[in-house]
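The values are calculated or read from the model by the stated rules, or taken from the named source; none is laboratory data. In this text the structure is predicted, and so the values were computed from the model without any measurement. Here the Cβ positions follow ideal geometry from the backbone for every residue, glycine too, while neighbour counts run over all protein chains shown. Areas reflect the complete protein model, heavy atoms only, side chains present, ligands, DNA and RNA absent. Shrake-Rupley method; radii C 1.70, N 1.55, O 1.52, S 1.80 Å.
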Amino acid sequence: MYFTEEHDAFRNSFRDFLQKEVVPHIDKWEKNGEIERFIWKKFGDMGYFGINYSENYGGLGLDLFYTVIFLEELQKVNSGGFAAAMWAHVYLAMTHLDKEGDEFIKNKYLTPSINGDKIGCLCISEPSGGSDVAGMKTTAVHNGDHYIINGSKTFITNGVLSDYLVVAAKTNPELKSKGMSIFVIDRNTHGITATKLNKLGWKASDTGEIGFNNVKVPVENILGEEGKGFGYIMQHFALERLIMGINAHARAEYALDYTLNYMAERHAFGKTLNKYQALRHKIAEMTSEVEMCKEFNYTVAKRLNEKQYVVKESTMSKLLSTKIADEVIYNCLQFLGGYGYMEDYPLARMFRDSRLGPIGGGTSEILKEIIAKIVIDKKVYKPTTKH
């Protein structure tokens, strides 16, 4: 229903690429907390960063189900941090360049991002705000042919090692959410500082807290129109939430596959673990939940691919898929017993990495309120146009 033979061929080739080029380095990157630069270029050379982007800028112009495959297979290298670094670059930072950037921006930043020559990050969350996007305090003051940016951002994936930053700031603070704009800023611009954060999971990715002290940004580096930044962010949240929903069902599926293989080989009291009814029924329940998440996520992806506005559905996707993935991986670790708690087995890392699902990209608590506003208060979210 969703995948053609071409999709399947892409999945097989991408899976082979990951096994050959990525998996041998994962433990090193997890230990060092840094992904080496060469792999970004290899992704770019293979076209993986350009799946959904226009051929005019070096992309492939393919449909969203190639992205679904890209996300699902990334979860199977068992490094949430590596996967996050890749998709935060290609779908968070680059989405804004593509949707709001003019020709100057696209040629200067989007094309080298597709090629793997430049790495991007998206800077929205702040130390004092978290999920409260409208309450951000970073300001951008128009001064001649520049904007002067002051403030700070935190929990930024690729926040330390990226080459440019896509930054949301208040150009008109008294208008609150209607006074927000978005800029792309070169990393080496004077006044930018970055501090690496020490996380529970996602160890391979560089997550940073970023400071802006009188950072001068040329006026041509604004994305879209001044004052429309909040709408742009909200519009792209649908894709981000669906991405995190797809990530969740894929890592839960990966955890279940590993656990099923383990249970088929592990003996206790004269028979394999997969012969015990209590465990069998728990597996049946979990696989049913994951399958339902996956099917729902595919449907939402299909609608998003058809340019439908799926704020409610993508929010539901992230809320439930990340919750179910957390529960599934918790139980899978339990099924491994003492081995599940050992770092030499994959479930320990998966357990830590999965915990970010209900937190990042809008906490589950925030998502519940958004859904409640849609369902109870009949709030209607509408897309924002560039012009």
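Inside region 337-387, can you point out the residues that are touching a helix residue (DSSP H, G or I) at 6+ places or on another chain (Cβ under 7 Å), among the hydrophobic types (A, V, I, L, M, F, W, C) and over 26 Å from Trp87 (Cβ atoms)? If the condition is that a residue be touching a helix residue (DSSP H, G or I) at 6+ places or on another chain (Cβ under 7 Å), among the hydrophobic types (A, V, I, L, M, F, W, C) and over 26 Å from Trp87 (Cβ atoms), then Met342 is the only one that fits. Among the residues of region 161-211, those identified as open to solvent by less than 10 Å² (accessible area, probe 1.4 Å) and of a type in the set (Phe, Trp, Tyr) are Tyr164, Phe183.
Residue pairs whose Cβ atoms lie under 7 Å apart, separated by 6 or more positions or on different chains, with the first residue in region 1-26 and touching a residue at least 24 places away in the same chain (Cβ under 8 Å) and the second open to solvent by 60 Å² or more (accessible area, probe 1.4 Å) and assigned to a helix (DSSP H, G or I), are Tyr2/Lys302. The test for being over 21 Å from Asp16 (Cβ atoms) and out of contact with any strand residue (DSSP E or B) (no Cβ under 7 Å at 6 or more places or on another chain) does not hold for Leu71. Figure legend. Inter-residue proximity from region 276-287: first residues within 13 Å of Cys332 (Cβ to Cβ), second residues part of a helix (DSSP H, G or I) and polar (S, T, N, Q), beta-carbon distance below 7 Å, spacing 6+ or different chains. Indicated pairs: Lys282/Asn331; Met286/Asn331. Looking at Gly58, Gly47, just one residue is closer than 19 Å to His89 by Cα, open to solvent by less than 90 Å² (accessible area, probe 1.4 Å) and either in contact with a Ser or Thr (Cβ under 6 Å, 6 or more places away or on another chain) or modelled with pLDDT under 95 (or both), and that residue is Gly58.
Of the numbered criteria (1) more than 15 Å from Cys121 (Cα to Cα); (2) in contact with a strand residue (DSSP E or B) (Cβ under 7 Å, 6 or more places away or on another chain); (3) buried (at least 23 other Cβ atoms within 10 Å of the Cβ); (4) of a type in the set (A, V, I, L, M), the one Ile156 fails is (1).
Residues in region 212-222 that are at negative phi, loosely packed, with under 15 Cβ neighbours inside 10 Å and polar (S, T, N, Q): 1 in all. All of (1) of a type in the set (Gly, Ala, Ser); (2) open to solvent by 20 Å² or more (accessible area, probe 1.4 Å); (3) touching a strand residue (DSSP E or B) at 6+ places or on another chain (Cβ under 9 Å) hold for Gly135 with one exception: (3). The set of residues in region 186-204 that are among the charged types (D, E, K, R), outside any loop (DSSP other than H, G, I, E, B) and within 30 Å of Val219 (Cβ to Cβ) contains only Asp186. The single condition among (1) buried (at least 21 other Cβ atoms within 10 Å of the Cβ); (2) not in a helix (DSSP H, G or I) that Glu225 does not satisfy is (1). When region 261-290 is limited to residues that are charged (D, E, K, R) and over 29 Å from the mean Cα position of the chain (by Cα), the one that is least open to solvent (accessible area, probe 1.4 Å) turns out to be Lys282.
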